[in-house]
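Enquirer: One structure is given below, represented as structure tokens, and several questions about it will come after.
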Amino acid sequence: MHNKRKIFGWFAAGVVAALSPAMASAQAGAVGAAVAVGGGVENAHSSAPIQSEHALTLGTGRTAFTVHAGLTSGSVGSNASFEVIQTLIGGFYGVSDDLTIGAILFPVTNISLDVTDPTSGASFSESGSGVGDLSLYGKYALGESADGRTSFAAIASLELPTAGTADLGGTPISLGLDGVAIGIGGAVSHRANSSSFHGSAQLAIPTSDLDGDAFVRLGGAAVFGVSDRVGLSGEVLANVGSETQFTGGPGVRFQASDNVFLDVAALFLLGSSISEDPFDYGLVVGLNIGG
């Protein structure tokens, strides 16, 4: 047992460094997909992208709920690999046609780590789980073009450090933020017949030095309808700051009924300023109800 704890200790710093962007990737689509059924749209392909933000808002008195799960897989050096599984629940309410508010909680975050002793070749596995952070969210419609096809919105969020820690072989790994984080930015959405295009930019400001420096989140997406019930999306996401990371991937949204949407999306690393790739791939599945 002592040797096992020592081996996990060797990889603790690398795991902590890798898991921050990895968990962020698992959270992809947390906000964008949650209010995708809003905006008065009628077809799945006319709504929002799965993994990035958009400018659509819910109408007055309308509600939307989401349940998502994300899996991120990666490695730390040549002797350790990890998987992060996160679940997400969210609820949103249209205060007016222009204002949507909501809350997002990550009730379960599970981290699994497999390590091989480079000396003996022995393999060890460890896992831990706990609750993640809580995010409060608001989006305000700033206006739209004369033809009603292009929408603009301001977005703000407040992330609260409600997360616990996971114990991996005696090494505590934080499952969320150390302090409060503030997000502020905007988004634009353009709808054109059976397709839509979306872009967003948000400044993320941590209030704790342990959570790193401020950075900008960028998102771009194109959504194409292949039928009244099925939409295909291609999305690119970026975190730009002291460390820069570009990710992207395809997604499929299926409209099961009038107000029920099923999502499946993949996420891949496109580029990173970090010498060690933060993850190999990510998967997101989700259910959106309401709107």
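Enquirer: Report ³J(HN,Hα) in whole Hz for each residue of segment 96-111, in order, from the Karplus equation J = 6.51 cos²θ - 1.76 cosθ + 1.60 where θ = phi - 60°; Gly and Pro get x.
Expert: Taking θ as phi minus 60°, the curve returns 8, 5, 9, 10, 10, 10, x, 9, 10, 10, 9, x, 9, 10, 10, 10 Hz for segment 96-111.
Enquirer: Could you list the residues of segment 53-82 with an amide nitrogen less than 20 Å from a label point located 7 Å from the Cα of Ile89 in the Cα-to-C-beta direction?
Expert: 63-71
Enquirer: If you don't mind, another one. Between Ala69 and Thr119, what FRET efficiency follows from the Cβ-Cβ distance if R0 is 41 Å, with the result rounded to 0.05?
Expert: Numbers: r = 37 Å, r/R0 = 0.90.
That pair, Ala69 with Thr119, gives E of 0.65.
Enquirer: Further question: With all protein chains present, how much of the accessible area of segment 158-291 (probe radius 1.4 Å) comes from carbon and sulfur, to the nearest whole percent?
Expert: Values: 3880 of 6260 Å².
So the carbon and sulfur contribution to the accessible surface is 62 percent.
Enquirer: State the answer as a single residue: which of Gly241, Leu203, Ala265 lies farthest towards the positive end of the charge dipole of segment 195-291, with beta carbon charges of +1 for Lys and Arg and -1 for Asp and Glu, about the Cα centre.
Expert: Result: Ala265, furthest along the dipole toward the positive end.
Enquirer: Please compute the modelled spin-label separation between Ala214 and Ser194, points set 7 Å along Cα→Cβ, answer in nm with one decimal.
Expert: Output for this residue pair reads 4.4 nm.
Enquirer: On a 1.4 Å probe surface of the protein chains, which of Val180, Val115 comes out largest in accessible area, and what is the full order? Could the numbers behind the result be given before it?
Expert: Numbers: Val180 50, Val115 0 Å².
Most to least solvent-accessible, the answer reads Val180, Val115.
Enquirer: How far is the Cα center of segment 216-232 from the Cα center of segment 95-118, in Å?
Expert: 22 Å
The values are calculated or read from the model by the stated rules, or taken from the named source; none is laboratory data. What you are looking at is a predicted structure, and each value in this text was computed from that prediction instead of being measured. Glycine also receives a Cβ, built like all others from the backbone with ideal geometry; neighbour counts cover every protein chain displayed. Heads up: the accessible areas ignore ligands, DNA and RNA and are worked out on the full protein's heavy atoms, side chains in. Shrake-Rupley method; radii C 1.70, N 1.55, O 1.52, S 1.80 Å.
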